[in-house]
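A short write-up of the structure that comes next.
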Amino acid sequence: MGDRNFRSILTGSFSTPCADNPTVAMVEAAYRHAGLDARYINCDVKAEHLAQAVAGAVAMEWVGFNCSLPHKVAVIEYLDEVADSARIIGAVNCVSIRDGRLVGDNTDGKGFLASLKGVTDPSGRKVVVLGAGGAARAIAVELGLAGAAHLTIVNRDVARAENVAALVRDNTPCAAEAMAWTGPVAVPEGADILINATSIGLGDGNALPPVNLDTLRSGLVVADVIPNPPMTHLLRTAKARGCTVLDGLGMLVNQGVIGVELWLGKKLDAGVMQRTLQEIFEVPA
Ligand SMILES: NC(=O)c1ccc[n+]([C@@H]2O[C@H](COP(=O)([O-])OP(=O)(O)OC[C@H]3O[C@@H](n4cnc5c(N)ncnc54)[C@H](OP(=O)(O)O)[C@@H]3O)[C@@H](O)[C@H]2O)c1
């Protein structure tokens, strides 16, 4: 009886609404696979209760938690330390609790980068990023820090695109420019990577961001942040045109792997996470 331990390691997520976030299923499947007595609790935390939720996690000795909408910026005021890239991005989606100290990271861009590195090294590359929201911002900063040579940020609201481009120019050695999205975007001849970092395609396999499809050449890497459905219209078209494609499921999986590594110092099985999400999203094998 003496060496039995009924106390689980506690991790989780604070967001609202949270019911459609599948991260809990993905992470807990990987915890079980690793034989870890750890839990990931998906908590619906309203904006006005964030301070209490953070204090609760500390009081209950959680080892860490993810933050999603609407807490990614608001959580920063409760942290003792913020990692460099998260500070540049201005948003935290992963908090580690070590000896009562709270350390914030941003795994959005890091998860994308880990996925991208599976098909190409972004160092020295020219990249076109569609969108200038939270995902685009995180991806652009990580690409800049990873040594990308040039970013073109394309957005309907060009002021938002300029804001992201300036962030990259001011904080990384990468050149960056903004472009207004007024019609189908032509991917420039010299570009190596095209990334859809907008919400176009989320839950809609027919939606297509306005891109001049004739400019999707063989040799171009085309990536999408959309996790569901993973094979978006953009990726299907790009694949048919001979491009290397990368879906948003890998970004989500890698975020889980990176987050748990920050919390527990253990690398979970990405394949288990990937298969769990594929089952949930009913992706054909
Ligand atoms: N796979 C993953 O792990 C992962 C992680 C994070 C996010 N995501 C996905 O990334 C997507 C974006 O998230 P976010 O947090 O960046 O959202 P966000 O901050 O709301 O930004 C949305 C972006 O999409 C653009 N956009 C939306 N509808 C558009 C349209 N019809 N035409 C042109 N541009 C359009 C917006 O342009 P304007 O500024 O002009 O409005 C903005 O740049 C979401 O679908 C989310 O699911 C995936």
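In percent, rounded to a whole number, the relative contact order of the chain is 16, using alpha-carbon pairs under 8 Å and six or more apart. Taking 150, 233, 49 in turn, the Gaussian network model of the chain (Cα-Cα springs below 10 Å) assigns the largest fluctuation to 49. Applying a threshold of 27 Å to the alpha-carbon distances of 72/239; 117/267; 126/266 flags 72/239; 126/266 as lying beyond it.
For the stretch 1-51, applying the loop criterion from DSSP together with a ceiling of 10 other beta carbons within 10 Å to the chymotrypsin sites (Phe, Trp or Tyr not before Pro) yields 6. Summing charges over all other residues whose Cβ lies under 9 Å from the Cβ of residue 255, with Lys and Arg as +1 and Asp and Glu as -1, gives 0. Distance between the C-alpha centres of the stretch 35-114 and the stretch 193-250: 30 Å, rounded to the whole angstrom. Exposure proxy shown here: for 275, 7, 101, the number of other Cβ atoms within 10 Å sets the order, fewest to most, as 7, 101, 275.
Axis angle, to the nearest 10 degrees, between helix 50-59 and the longest C-alpha principal axis of the chain: 50 degrees. Could you work out how far helix 270-280 tilts from the main Cα principal axis of the chain, as a 0 to 90 degree angle to the nearest 10? So the helix axis and the longest Cα principal axis differ by about 80 degrees.
Among beta bridges from DSSP that stay inside the chain, the antiparallel ones total about 20%. In the chain, the longest principal axis of the Cα atoms and the axis of helix 23-33 are about 60 degrees apart. If you wrap the Cα atoms of the chain in a convex hull and average its projected area over all directions, you get 15.6 nm².
At full extension, residue 16 and residue 157 could sit 48.2 nm farther apart than now, given 0.36 nm per residue minus the alpha carbon distance.
Taking 0.36 nm per residue of separation and subtracting the Cα-Cα distance, full extension of the segment from residue 80 to residue 123 would add 12.3 nm. Amide H contacts of residue 179 (H built 1.01 Å from N, in plane; Pro and chain starts excluded): 153, 154, 155 sit under 5 Å, all sequence-distant by 5 or more or on other chains.
Computed from the coordinates by the stated procedures, all read-outs in this text should not be read as laboratory data. Computed from a predicted model, the values in this text were never measured in an experiment. Every residue, glycine as well, gets a Cβ built from its backbone with ideal geometry; the counts of neighbours run over all protein chains shown.
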